Amino acid sequence: QVQLVESGGGLVQAGGSLRLSCSASVSSFSINPMGWYRQAPGKQRRELVASITSGGSRNYADFVKGRFTISRDNTKNTVYLQMNNLEPEDTAVYYCNAFRGRTYWGQGTQVTVSS
């Protein structure tokens, strides 16, 4: 069983920045990959934002390339999402995601970007 706890969401103006954190209850060396998804208002599906393997390979959605950076600190069992140049379209609930035998989800953290 893996528990994921997210933090760092909030309200920011367009062009601003936020950093999301997700801490796992087990060693992140055993979790591969870890990542972030988001669910925008009125949308039924979560979409991939970014993911990172235990070896550091990163994958980004096209809509965040050049603006967001995912990283992980395996000594802290934590994955981060640095979000720069935020746009109103980035408004969503952001969920941490981890795979360790099966998929685990965090509770979600709200990110709201005002224009």
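Nearest 5 percent is fine: what portion of the DSSP beta bridges confined to the chain is antiparallel? Roughly 90 percent of the beta bridges in the chain run antiparallel, per DSSP. A 1.4 Å probe run over region 29-99, with the rest of the protein chains in place, finds 50 Å² accessible per residue. Split the accessible area of the chain by element, probe 1.4 Å, and carbon with sulfur accounts for 46%. Contact order, relative form, for the chain: 37 percent (alpha carbon pairs under 8 Å, 6 or more residues apart, mean separation divided by residue count). May I ask which residue of 57, 37, 23 lies farthest towards the positive end of the charge dipole of region 8-80, with charges of +1 (Lys, Arg) and -1 (Asp, Glu) on Cβ and the Cα centre as origin? Result: 37, furthest along the dipole toward the positive end.
Compute the FRET efficiency between residue 87 and residue 43 as 1/(1 + (r/R0)^6), taking r as their Cβ-Cβ distance and R0 = 25 Å, and round to the nearest 0.05.
Efficiency, rounded to the nearest 0.05: 0.95.
Modelled spin-label separation between residue 76 and residue 25, with each label point placed 7 Å from Cα along the Cα-to-Cβ direction: 2.1 nm.
The values are calculated or read from the model by the stated rules, or taken from the named source; none is laboratory data. What you see is a predicted model; the values in this text were computed from it and never measured. Positions of Cβ are generated from backbone atoms using ideal geometry, with glycine treated the same way; all protein chains shown enter the neighbour counts. Protein only, heavy atoms only, side chains kept; ligands, DNA and RNA dropped before computing areas. Shrake-Rupley method; radii C 1.70, N 1.55, O 1.52, S 1.80 Å.
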